[in-house]
Amino acid sequence: MKEEHVILVNQSDEQIGTMPKMEAHEKAVLHRAFSVFIMNKKGETMLQQRAAHKYHSPLLWTNTCCSHQRVGETNIQAGKRRLQEEMGFQAELKELFSFIYKAPFDNGLTEHELDHVMVGYSDYPPEINPEEVADWKWMLPEDVKNDIAANPDHYTAWFKIIFEKFYSYITQHKFES
C-alpha cells in the first residue's frame, strides 16, 4: 500500500509541497489537516475512541473524525470522505474556523497542523470502522469540557487544544442544524 502524503503549507495555508505522512510527523513540518465535530439535535457532540492499534494515541477519546486532505480535495470533501471511512455515515459539513497548533507525542512524533475545524449534524448512530475506531459516544459539550479537566489523560493531545477552540466558538455562535 502506498504511503499517504500530507499537504505542506505555509502559515497562510498556501500549498508549498507534499511529504509522506510519517516523515511530516517525524520532522514536525506544518501541514494541512481537518477536524470534524458531529452534533445531534440534543446539542451533544459525537466522540470517538481511537482503535487500540493506532501508532499514536491508541484508545484515547477525540472528536468525531480527523485526518489530512488529499491533493485536489477541498476541506469539506476531505471531511465527508473521512467521516464515511471512520464512522460509516455522511453528513453535510460547514467549516467554522482554522488555526495552527503543535502537539508532540511521547513516541517522538509531532502534529504540527493548520487545522480546518468543521461541524455537521446527525441523530443516527454510526457504523464504526474497527480498523479506525474502538468505540463512540454522545456527550454534551459542557460535560466534555468538565471531563477533559478531570481526566485529561483520556483524550488526545490535539483534541484538548481543538475542543477548547470549538467550545468557545459554539458558545459564542448560535447554530442551526
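The values are calculated or read from the model by the stated rules, or taken from the named source; none is laboratory data. On a predicted model such as this, the values are computed, not experimentally measured, just so you know. Note that we place each Cβ from the backbone using ideal geometry, even for glycine, and neighbour counts take in every protein chain shown. Just so you know, the surface numbers come from the protein's heavy atoms only, side chains and all, with ligands and any DNA or RNA stripped out. Shrake-Rupley method; radii C 1.70, N 1.55, O 1.52, S 1.80 Å.
The table below gives the values:
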read-out	value
Criterion (of a type outside the set (Gly, Ala, Ser), free of Cβ contacts under 8 Å to residues at least 40 places away in the same chain, open to solvent by less than 60 Å² (accessible area, probe 1.4 Å) and under 21 Å from His5 (Cβ atoms)) met by exactly one of Glu86, Glu73	Glu73
Any chance Ser57 is among the polar types (S, T, N, Q) and on the phi > 0 side of the Ramachandran plot	yes
Condition met for Ser67 (in contact with a Cys (Cβ under 6 Å, 6 or more places away or on another chain), among the hydroxyl-bearing types (Ser, Thr, Tyr) and buried (at least 18 other Cβ atoms within 10 Å of the Cβ))	no
Selected residue [touching a helix residue (DSSP H, G or I) at 6+ places or on another chain (Cβ under 9 Å) and either part of a loop (DSSP other than H, G, I, E, B) or modelled with pLDDT of 95 or more (or both)] from Ile76, Ile16, Ile38, Ile100	Ile38
Within the range 3-13, considering residues that are open to solvent by 30 Å² or more (accessible area, probe 1.4 Å) and in contact with a strand residue (DSSP E or B) (Cβ under 6 Å, 6 or more places away or on another chain), the one modelled with the lowest pLDDT	Glu3
Hits in the range 44-57 (condition: modelled with pLDDT of 95 or more and part of a loop (DSSP other than H, G, I, E, B))	Glu44, Ala51, Ala52
Test: residue in the range 125-143 that is in a helix (DSSP H, G or I) and of a type in the set (D, E, K, R)	yes
Hits in the range 125-135 - residues which are more than 30 Å from Glu14 (Cα to Cα), touching a residue at least 24 places away in the same chain (Cβ under 8 Å) and surrounded by 12 or more Cβ atoms within 10 Å (Cβ to Cβ)	Pro126, Ile128, Asn129, Val133, Ala134, Asp135
